[in-house]
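Written out below as structure tokens is the structure these notes cover.
Readers should treat all values here as calculations from the given coordinates under stated rules, not as data from a laboratory. All figures in this text were calculated on a predicted structure; none of them were measured in a lab. Ideal geometry is used to build each Cβ from the backbone, glycine not excepted, and the neighbour counts take in all protein chains shown.
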Amino acid sequence: MTPAPLKPLSYGVLLFLLCYCLETIFSMGCGEFVDTSAIDRAMYVTLGGKFFACLVALAFVATRERGALSSAGFTWDGAARGSLGAIGAYLLFLPLFIFVVGPLNQLFVGDEQQAIVREIMERTDLLKSIPFLATVCVGVPILEEIIFRIFLYQGLRFQLPYLAAVLVSGAVFGLLHGLAAAFPILTLGILLGWLREKSRSIVPVVIVHAIHNSWTVLSIHVLDIFEKT
């Protein structure tokens, strides 16, 4: 009997690694032509690398099996109800993030991540910050959820139980954001993995990720205003 062909997302971990390799190559190549000494410009280059890598990996998934993208989570079925539930879960999670995870991370690691956001916001006016805000609050959540919650998480789910896949993908998500922010983003990654499993759609997860990034930037900006007054 001929064995059934592997589903494209069974290659999810390899697609995840491919995305990061392509992102690095793209960023290094563009770095020859873009002044990446500016943090915000470097972020745009990195976002371009993520976009290019996602296109290549999604093209592979789409051409391997009809309907693979919708089974991977690119579906609006139940997305509205799932999004409301996901936002509710995030609001319940937020006090833990504010009063426990954030202070512990600042105590043991520092606030390097907040310092980067402050630097960008301080040296640009609001109009010039719009591309930065769009990148952080819209572009990054969409592309990172494709990479982490579709490729990495789905790939792990072919090999691991649900809870193990959530924890491993959350840990990788945190560590790849740097040690300065590893603990808070690891915690967020675990929540997003759980929401991905429960919602069966990538839409609620992207929305929660976008809300979290927007809230983070806004809170840093507001705290900075209060510190200056």
Rounded to the nearest Å, the spacing of the alpha-carbon centers of region 188-205 and region 141-185 is 11 Å
For region 140-229 the chymotrypsin sites (Phe, Trp or Tyr not before Pro) that pass both the DSSP coil test and the at-most-16 other-Cβ-within-10 Å test are Phe158
Using the Kirkwood formula on alpha carbons, the hydrodynamic radius of region 124-224 in angstrom works out to 14.1 Å
The answer for the net charge of residues other than Gly193 whose Cβ lies under 11 angstrom from its Cβ, with Lys and Arg +1 and Asp and Glu -1, is +2
Of all chymotrypsin sites (Phe, Trp or Tyr not before Pro) in region 48-84, the ones in DSSP coil with at most 15 other Cβ atoms within 10 Å are Trp76
Taking 179-189, 92-102 and ranking on average Cβ neighbours within 10 Å, highest first, one gets 179-189, 92-102
